[in-house]
Every structure is written in structure tokens, then in C-alpha cells.
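Coordinate-derived values only; no laboratory data. Only a predicted model underlies this, so the values are computations on that prediction, with no experimental measurement involved. Positions of Cβ are generated from backbone atoms using ideal geometry, with glycine treated the same way; all protein chains shown enter the neighbour counts.
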Amino acid sequence: MSTKIKWGVIGSAGIARRRTIPEGIMPADNATLTAVYNPTQSKNAEVAAQFNAKPCKSIAQLLKSDVDAVYIASPPDVHLKQVIACAKAGKHVLCEKPLGMNVKQVEKMVAVCKEANVKLGTALMMRFHAQHQAALQLIKDGKLGKPVLGRAQLSFWYPPIENAWRQDPKRGGGGALMDLAGHCIDLLEMFFGPARSVSCYINNTIQSYASEDSAVTTLMFENGAMGMVDTFFCIPDEASKNALELYGSLGAIHAKGTIGQGHTAEMTATLRGRDDGAASSVQITPTPVNTYRAEIEEFSKAILENREPSCSAESGLRSQKILAACYKSAKTGKSVALS
């Protein structure tokens with residue numbers, strides 16, 4: 001294998017065309033785009049021409065090519081069969097979240113990829129945001145003190161759209177909770193460690209489609225901290241601050257706009273020393289990192305070094321189990337413990 005991983009893309013339109021190909025695969029130091037597939041052939045031809053890749057008429061054709069890894073950006077209801085097809089063809093897989101429609105599907109993916117000796121990664125690109133990593137380092141260094149409360153918010157306006165899979169639970173597995181909360185919960189666990197239980201409410205507050213447009217989740221972490229995640233498809237874009245708030249016994253870290261698809265945002269740490277001195281506020285402004293490029297380079301590096309990717313299959317399985325517990329809580333009205 002060369003020093004560059006040859007990538008194929010399944011589901012070349014949508015997020016792949018807008019973000020992951022131009023911002024992730026194309027500029028990555030250790031990756032190159034080879035082939036693309038989308039069920040709408042006209043769109044696939046456009047993507048192939050735009051990025052100088054081979055347009056494939058089927059997934060089988062893509063998998064017969066010399067690609068080393070496949071990025072799957074299709075709706076969740078087809079992830080299982082596509083991941084299995086990639087694994088049986090000996091191709092490593094980076095799959096968008098949620099990995100599957102339910103826990104059983106993801107467990108099947110993990111088992112098949114392990115048996116085929118291929119790597120399976122979960123596209124949790126928000127972990128790579130430079131300000132998230134800076135906040136994580138402050139917490140690891142004890143600057144926040146004992147964690148107390150974390151809040152993560154991700155909301156936007158998502159009106160009814162014909163054939164939109166996120167609005168159909170049979171294709172997306174759910175709505176605002178399934179599509180957005182996975183990123184937020186994953187971030188809070190990155191900062192505060194594993195949660196031990198969740199409580200959740202979901203609703204169709206404004207939108208009339210089958211998937212929920214509103215979700216609020218509370219979490220209890222094993223270290224005693226609490227968390228809150230609010231995700232909505234019914235709040236205007238300009239009104240949603242996509243806030244991140246991390247509180248501890250020595251202060252707080254506040255951010256606006258770090259959660260989402262951008263790479264620069266506002267983050268402030270208001271902290272006091274352990275001697276109970278006066279708190280001081282500083283802007284957290286590390287060198288920006290394109291999260292899509294970082295995601296692709298990390299997975300490619302894991303293949304080249306023959307190790308587990310940082311956003312592993314187990315990360316995706318963990319996320320799927322927590323989301324399942326959230327839906328169970330919303331249905332039963334009770335807190336649900338996490339195993």
C-alpha cells in the first residue's frame with residue numbers, strides 16, 4: 001500500500017459532495033479520491049467530473065476497483081448492507097452516523113468487519129474541532145476542576161421536504177434525536193467520560209412529518225456530573241447558537257458555534273486557580289482545523305499504521321446504544337440506565 005489511501009464514496013451527493021470530498025478527501029495529505037457512486041446517476045456523474053473520480057454505476061463496480069477504503073454517506077437504512085458489502089470486498093469503511101437503524105444492526109456490522117479484518121470507523125468529525133480539543137486539554141489538566149454540568153445544543157430549521165430521509169424514521173431511524181444528538185452526546189462523553197443513565201423527551205412541536213422535530217436529553221455521568229442535550233428541527237437557523245457549556249468547580253468553558261459543520265467559532269474559558277483566587281476569562285483560539293480533513297486523515301493513518309481509528313466502530317456502537325436508551329426513556333417516561 002502506498003502512503004496515500006485510495007478512497008471510494010458511496011452516497012456521493014449530499015454531505016459527501018458539500019463537505020467530506022472537497023474539505024476532507026481532496027486536501028488530505030494521505031488520501032486520494034478514486035471512485036464515487038450514487039443511485040442517482042446524473043448527480044454521480046456531476047460529482048465524478050467535479051472531483052476527477054471514476055463514476056461507478058453500482059456499488060459492486062466501486063468495490064471491484066482498487067480503492068482501499070470507502071466513505072459511506074447514504075441514509076442509515078442502507079448502511080448495514082453497504083458496510084457488509086464493503087467488508088466482504090476487503091475494503092475499510094468510514095460510515096456516517098448513526099451507523100445503523102438500531103443496536104442489533106451495528107453489532108452485526110462490527111462482527112462482519114472484524115471477521116473480514118477490515119477497519120470500521122464512525123464519522124464523528126466534531127471531535128476534531130480545534131476548540132473542542134483545546135477544551136478537552138483544559139479539562140484533562142484539571143483547569144475546570146471537578147466536572148459539574150455539560151450542555152450541548154444543535155438545532156436548525158428543517159421544514160417538510162419531499163423524500164427527505166431524516167423526516168422518515170423508516171429511513172433515518174428517527175429525527176432530531178437520532179440525527180443530531182449523537183454528535184452532542186459523544187462530545188459530552190469525550191469531555192466528562194461515560195454517562196451512566198439518560199432521560200429523554202421527544203415531540204413534534206412544529207413540523208408535521210413522521211420523525212420527531214424536538215428532543216431534550218439529560219444525562220448522569222459516572223463521575224457525578226450532569227448533562228443536557230437539546231436538539232431541534234424547528235428553531236430558525238439564525239436563532240440557534242449551537243451552544244456548548246462546560247461547568248466545573250473552578251469555572252466554565254462557553255462556546256458558540258463550535259458544534260456544527262464550521263471550523264472557527266467563539267470559545268471563552270472563565271476559570272480560577274485552585275487557591276480560590278479571582279476568576280479570569282480568556283479566549284480560546286487555537287489554530288483552526290478542518291474537521292472533515294482531520295477525520296479523513298486520522299482514518300487513513302489508522303489504515304496505514306494498522307491500528308484502530310480514534311472514532312472506532314465501538315464509538316458508533318456506544319452512540320447507538322445511548323440513542324436507543326434515549327428513545328426508550330421517551331417512550332416509557334423513565335430514566336434508563338446504560339450498561
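What is the sum of charges, Lys and Arg at +1 and Asp and Glu at -1, for the other residues whose Cβ falls under 14 Å from the Cβ of Gly316? Residues close to Gly316 contribute a combined charge of +1. For the chain, a Kirkwood radius taken over Cα pairs fed into Stokes-Einstein (4 °C, viscosity 1.567 mPa s) yields D = 63 µm²/s. Panel order for Arg307, Arg171, by other beta carbons found within 10 Å of each beta carbon, from fewest to most: Arg307, Arg171. For Lys241 and Ser42, what is the calculated FRET efficiency with R₀ set at 30 Å and r taken between the beta-carbons, to the nearest 0.05? Rounded to the nearest 0.05, the efficiency is 0.20. Taking the centroid of alpha carbons for each part, region 212-249 and region 53-110 are 31 Å apart. Remark: spin-label model distance Arg196-Ser281 equals 3.4 nm, labels positioned 7 Å along the Cα→Cβ axis. Taking label positions 7 Å along the Cα-Cβ direction at both Glu266 and Lys328, the computed distance is 4.0 nm, reported to one decimal. As a proxy for reagent exposure, Phe232, Phe299 were ordered by neighbouring Cβ count within 10 angstrom, fewest first; the result is Phe232, Phe299.
Each of Asp186, Asp66, Asp213 was scored by other Cβ atoms within 10 Å of its Cβ. Listed from fewest to most, they are Asp66, Asp186, Asp213.
Between Leu304 and Lys104, the modelled labels are 4.1 nm apart [label points 7 Å from Cα along Cα→Cβ]. Database note for the chain: Cys without another Cys beta carbon under 4.7 angstrom, Cys56, Cys86, Cys95, Cys113, Cys184, Cys234, Cys311. Per residue, the chain reaches -9000 deg cm²/dmol at 222 nm when only DSSP H runs of four or more residues are counted, each adding -39500 (n - 2.57).
Pairs over the 32 Å Cα-Cα cut-off, from the set Lys119/Lys146; Lys88/Lys241; Lys97/Lys334; Lys6/Lys241: Lys119/Lys146; Lys88/Lys241; Lys6/Lys241. Among residues other than Ala255 with Cβ under 12 Å from its Cβ, the summed charge is +1 (Lys and Arg +1, Asp and Glu -1).
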